[in-house]
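Just below is one structure, and these are the notes that go with it.
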Amino acid sequence: MGAQQTPVRTGRWSAALIDEFNDIGIDLLVCAAYMYRIPIEELNVRYAVNVHPTLLPEGRGPNPLAYLTFDYPQLNGVSIHEMTPELDQGPILVQEPFDRDPDDGFDEIFLKLWAYAPRALQRLLDDVDHYFANKQNQAGGSYWPEPPRAERTLDAATATVADALHLHARFGQLGFLLHTDDEHPTQVCATAASRCQHQYPPGRVTARLSRGWIVALTDGLLQTQPTSHQNPV
């Protein structure tokens with residue numbers, strides 16, 4: 001249960017969960033940071049909304065923050081739209097744009113969303129009927145797919161410190177794929193990178209510490225924390 005005894009669900013939907021949901025008699029369903037499709041067409045709910053981290057109709061898709069970081073900074077904001085069977089395409093109810101600092105990356109934008117999303121949701125909750133009566137259908141817009149693997153991969157044998165910091169800024173806590181000379185591409189999160197002269201061949205994992213790896217780049221060293229030792233699929 002969430003605040004004020006609000007039921008919270010995080011897993012995949014099943015037939016049993018749909019029946020349970022419909023038996024409860026929910027007036028308002030709010031979806032936020034949820035990675036699965038909600039079978040809205042099977043649910044008996046008066047209002048169903050999704051919190052999306054761009055200014056729709058631009059930036060539909062599963063992971064828009066990776067694009068907001070460098071490609072579309074003018075679209076920083078929160079949109080709350082009515083949930084429909086078509087993902088991210090329901091009528092817009094509330095939007096809350098926000099400014100960003102020039103050096104904000106993925107993680108900084110993520111924190112701003114934590115600040116602005118509750119504000120947008122509170123606006124909706126203050127007068128739900130009004131916002132639904134004045135909802136705006138989406139027209140046009142864009143869909144941003146998951147970035148291709150090549151854009152998420154750092155080859156330590158040829159990469160610079162700037163390359164590593166760029167990927168960290170773009171993908172933040174999501175991490176990126178690191179290719180070294182003795183490991184398959186591994187999902188990692190960068191923790192620090194420094195330009196410096198060193199004696200190691202670029203691409204070498206120079207140390208495996210309790211706090212992560214130290215990896216040699218062409219012009220410095222990268223400290224990174226592997227999040228998975230599995231080959232990515």
Scan region 31-44 residue by residue and report those that are farther than 13 Å from G90 by Cβ and of a type outside the set (D, E, K, R).
A32, A33, Y34, M35, Y36, P39, L43, N44
What do you reckon, is G203 within 30 Å of T84 (Cα to Cα) and in contact with an Asp or Glu (Cβ under 6 Å, 6 or more places away or on another chain)?
no
Qualifying positions in region 206-221 - of a type outside the set (V, I, T) and either open to solvent by less than 60 Å² (accessible area, probe 1.4 Å) or not in a loop (DSSP other than H, G, I, E, B) (or both)
A207, R208, L209, G212, W213, A216, L217, D219, G220, L221
Please go through (1) in contact (Cβ under 8 Å) with a residue 60 or more places away in the chain; (2) open to solvent by less than 30 Å² (accessible area, probe 1.4 Å) for V188 and return the number of the only condition it doesn't satisfy.
(1)
Pairs with Cβ under 6 Å, 6+ apart, first in region 126-139 and more than 14 Å from R46 (Cβ to Cβ), second open to solvent by 80 Å² or more (accessible area, probe 1.4 Å):
Q138/Q89
When only residues in region 142-154 that are of a type in the set (A, V, I, L, M, F, W, C) and not in a helix (DSSP H, G or I) count, which is nearest to H168 (Cα to Cα)?
L154
Any idea which of (1) in a loop (DSSP other than H, G, I, E, B); (2) open to solvent by 40 Å² or more (accessible area, probe 1.4 Å) is the one G203 doesn't satisfy?
(2)
Just to be sure, is D181 open to solvent by 60 Å² or more (accessible area, probe 1.4 Å), among the charged types (D, E, K, R) and without any contact (Cβ under 8 Å) to a residue 60 or more places away in the chain?
yes
Go over the candidates A120, A164, A139, A157 one by one and state the one that is small (G, A, S), open to solvent by 40 Å² or more (accessible area, probe 1.4 Å) and in contact with a strand residue (DSSP E or B) (Cβ under 8 Å, 6 or more places away or on another chain).
A157
Given the residues L167, L178, which is the only one that is over 26 Å from P57 (Cβ atoms), within 16 Å of the chain's Cα centre (by Cα) and among the aliphatic types (A, V, I, L, M)?
L167
Scanning for something polar (S, T, N, Q) and closer than 17 Å to F171 by Cα, does region 71-90 turn up at least one residue?
yes
Exactly one of D104, D27, D23, D19 is within 30 Å of L167 (Cα to Cα) and either open to solvent by 80 Å² or more (accessible area, probe 1.4 Å) or charged (D, E, K, R) (or both), and that one is D104
Given (1) over 19 Å from P118 (Cβ atoms); (2) open to solvent by 70 Å² or more (accessible area, probe 1.4 Å); (3) of a type outside the set (K, R); (4) over 18 Å from the mean Cα position of the chain (by Cα), identify the lone condition not met by V8.
(1)
Taking helices (runs of 4 or more DSSP H) that do not extend beyond region 38-141, which have at least 3 residues that are at pLDDT 95 or above and not hydroxyl-bearing (S, T, Y)?
106-126, 128-133
Expected single match for open to solvent by less than 30 Å² (accessible area, probe 1.4 Å) and within 20 Å of S14 (Cα to Cα) among V78, V49 is V49
Residue satisfying condition, being surrounded by fewer than 21 Cβ atoms within 10 Å (Cβ to Cβ) and touching a Pro at 6+ places or on another chain (Cβ under 9 Å), within set P64, P85, P97, P91
P85
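The values are calculated or read from the model by the stated rules, or taken from the named source; none is laboratory data. Predicted model, so just to flag it, every value in this text is computed and none were measured. Don't worry about glycine lacking a Cβ; one is built from the backbone with ideal geometry, like all the others, and counts go over all protein chains shown. Heavy atoms of the whole protein, side chains included, go into the accessibility calculation; ligands, DNA and RNA do not. Shrake-Rupley method; radii C 1.70, N 1.55, O 1.52, S 1.80 Å.
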